[in-house]
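Written out below as structure tokens is the structure these notes cover.
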Amino acid sequence: MLKQIAGMLLAMTAITPAVAFEPTKPVEFVVTSGPGGGTDNFARTVQSIIAKHKLMDAPVVVTNKGGGSGAEGFVYAAGYKGDPYKLTFGTNNEYLLPSVAAVPYKPEDLTPVAALALDEFLVWVNGKSEVNDIKTFVTAAKAEPKAIQFGGSQSKDTDQILVSTIAETTGAEFRYIPFKSGGEAAVQLAGGHIDANVNNPNENRGQWQAGMVKPLCVFRPDRFPKSEPVHDGKGWSDIPTCAEAGLAIDSYRMPRTVWLPAGVDEDAVKFYRDVLKKVSETSEWADYVAKTSQTSQFLAGGDFTTYQTSDRENVVKVLKREGWLVE
């Protein structure tokens, strides 16, 4: 009889699945930017949607660690190997920063969970500029090499990499002026202190509404979806893609990404991936991407890995050409 009971218990143990991971204490959202930045807004939007829809029982604590273009946050999270309570929010800077700076972490020190959206990039000029299209802009740049001052966020980062790509593609030469953030670059452009920038829509929206800046083209494969007018009867869908306007760069985008420390169990990765997938399917998320003019695109698993590989390969070409690559 005892043998029969033991056998039944053994059989039950064999068919009973292991309890999947679910956080039982506060989860820290590590934000690799300062308060109010794009990554901060991204993380706090995810936090609010999780809370509203009760997608996770554990509370969330948001911590901003944006020093070193986000390296501070990645280094901090990488130091918690195997800890499933450190969810880090960033961009492609997670796997690009080690290529341009001697940072004390490697991309492999963090585990990819998902990307939820793609930030778009546009060429903007001052609202009073006589330039109204990208062809005229490039012609002017060629006529006076390095006379046009292109502003952007940080050095050797996403913005400057795009400016370098524009220069390489067109044969024009620009003078790049780095600022602490895209928001600061937008203010400088609106004030006429620089000639152009390559900001995302959200950071230049207010200045465009006021007529202080204007967009020339967007680096995406197709035009923005139809939207309400922003300025002078024109909305995002009225902006031509750079490729159709004569600048042969089909697409340039930055993913909004989420990471866990290396060594975390797959159950934890799956839990957060499923939560983020649910976030991306809510009306609140649709409102957020519409308001910021991002493109909602959920990438996880092999799709996310493939995107990272392709993105890094394209960027490394620029880094090598400019002599910025840290081996």
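The values are calculated or read from the model by the stated rules, or taken from the named source; none is laboratory data. Just so we're clear, the structure is a prediction, and the values are computed from it rather than from any experiment. Here Cβ is always computed from backbone atoms with ideal geometry, including for glycine, and neighbour counts include all displayed protein chains. All accessible areas refer to the heavy atoms of the entire protein, side chains included, with ligands and DNA or RNA removed. Shrake-Rupley method; radii C 1.70, N 1.55, O 1.52, S 1.80 Å.
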Count of the range 245-294 residues which are free of Cβ contacts under 8 Å to residues at least 12 places away in the same chain and closer than 28 Å to ASP159 by Cα
2
Quick check, is GLU130 touching a Lys or Arg at 6+ places or on another chain (Cβ under 6 Å) and either without any contact (Cβ under 8 Å) to a residue 40 or more places away in the chain or closer than 22 Å to ALA186 by Cα (or both)?
no
Would you be able to say whether some residue in the range 116-132 is closer than 30 Å to THR88 by Cβ and open to solvent by 40 Å² or more (accessible area, probe 1.4 Å)?
no
Checklist (1) surrounded by 19 or more Cβ atoms within 10 Å (Cβ to Cβ); (2) within 19 Å of LEU247 (Cβ to Cβ); (3) under 26 Å from the mean Cα position of the chain (by Cα); (4) not hydroxyl-bearing (Ser, Thr, Tyr) applied to ALA190, failing item:
(2)
Going through (1) of a type in the set (D, E, K, R); (2) assigned to a helix (DSSP H, G or I); (3) touching a strand residue (DSSP E or B) at 6+ places or on another chain (Cβ under 7 Å) one by one, ARG256 fails only at (2)
Residue list for the range 73-99, restricted to those being hydrophobic (A, V, I, L, M, F, W, C) and either open to solvent by 30 Å² or more (accessible area, probe 1.4 Å) or not assigned by TED's automatic domain parsing to the domain that holds GLU266 (or both):
VAL75
Among strands (runs of 3 or more DSSP E) entirely inside the range 26-126, those with 3 or more residues being among the small types (Gly, Ala, Ser) are 110-120
Is there any pair with a first residue in the range 56-82 that is without any contact (Cβ under 8 Å) to a residue 40 or more places away in the chain and a second that is surrounded by 14 or more Cβ atoms within 10 Å (Cβ to Cβ) and of a type in the set (D, E, K, R) whose Cβ atoms are under 7 Å apart and which are 6 or more apart or on different chains, and what are they?
VAL61/GLU28; VAL62/ARG44; THR63/GLU28; ASN64/ASP40; LYS65/GLU72; GLY66/GLU72
Condition set within 21 Å of the chain's Cα centre (by Cα) and without any contact (Cβ under 8 Å) to a residue 24 or more places away in the chain, scope the range 140-182, selection least open to solvent (accessible area, probe 1.4 Å): answer is GLN160
What's the number of the only condition in (1) assigned by TED's automatic domain parsing to the domain that holds GLY171; (2) open to solvent by 70 Å² or more (accessible area, probe 1.4 Å); (3) on the phi < 0 side of the Ramachandran plot; (4) touching a residue at least 12 places away in the same chain (Cβ under 8 Å) that ASP232 fails to meet?
(3)
Which of (1) outside the structural domain of ASN132 (by TED's automatic domain parsing); (2) touching a helix residue (DSSP H, G or I) at 6+ places or on another chain (Cβ under 6 Å); (3) of a type outside the set (Lys, Arg); (4) open to solvent by 20 Å² or more (accessible area, probe 1.4 Å) is the odd one out, the single condition PHE271 does not satisfy?
(2)
Here is a list: ALA71, ALA77. Which entry is modelled with pLDDT of 95 or more and among the small types (Gly, Ala, Ser)?
ALA77
